[in-house]
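The values are calculated or read from the model by the stated rules, or taken from the named source; none is laboratory data. In this text, all values refer to a predicted model and were calculated from it rather than measured experimentally. For neighbour counting, all protein chains shown are included, and Cβ atoms are generated from backbone atoms with ideal geometry for every residue, glycine included.
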Amino acid sequence: MSKAASSSTPPITLAEGDELLEARRQIRQMADTVAALRTQLEQAETLRRESVQAALTVAQDEIRQLQHTVGSLRDELQALAAAKTESVQAAVATGQDEAKQLHAAIQALRDEMERQTHTHAAERDRLQRSANEEIKQLRDSIAALRTQLEAHHVR
């Protein structure tokens with residue numbers, strides 16, 4: 001050491017040396033504490049990142065599952081709608097076919113009824129003419145018999 005350097009700083013006493021050692025020990029202890037806290041902080045940050053990543057992975061998996069479920073339900077709903085439409089169309093077609101058959105049956109019955117009405121009217125007219133002829137013949141017979149009877153009574 002040089003004389004100028006040693007003359008500017010006074011020598012350290014034993015008590016000051018102990019304080020200096022204690023201060024250095026406290027500084028080392030604080031540095032160790034800071035290092036330990038830094039390590040804990042880094043571990044906590046790593047744990048947080050891992051937790052966030054795990055939660056993100058779970059959420060993405062759930063989103064994929066829900067999207068798949070939505071797609072499946074949409075497909076099923078479309079299939080049900082198509083089946084319903086097909087069923088309704090089949091029912092309408094069946095109903096229309098039945099209606100056509102019923103209209104045809106009604107028309108056939110009307111035609112038969114009209115034919116029978118004409119046949120019945122013709123038969124009725126024929127019977128009426130026959131009855132009228134028979135009545136005329138009977139009246140003629142009655143008149144002839146009356147004339148004969150009157151001729152027998154006059155005699």
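In region 116-129, the residues that are assigned to a helix (DSSP H, G or I) form no Cβ pair under 6 Å with any partner that is surrounded by 10 or more Cβ atoms within 10 Å (Cβ to Cβ), whether six or more places apart or across chains.
Looking at GLU22, is it modelled with pLDDT under 95 and either charged (D, E, K, R) or in contact with a helix residue (DSSP H, G or I) (Cβ under 6 Å, 6 or more places away or on another chain) (or both)? Walk me through it before giving the result.
Numbers: modelled with pLDDT under 95: yes; either charged (D, E, K, R) or in contact with a helix residue (DSSP H, G or I) (Cβ under 6 Å, 6 or more places away or on another chain) (or both): yes.
Yes: the conditions hold for GLU22.
Here ARG25 qualifies as more than 60 Å from the chain's Cα centre (by Cα) and among the charged types (D, E, K, R).
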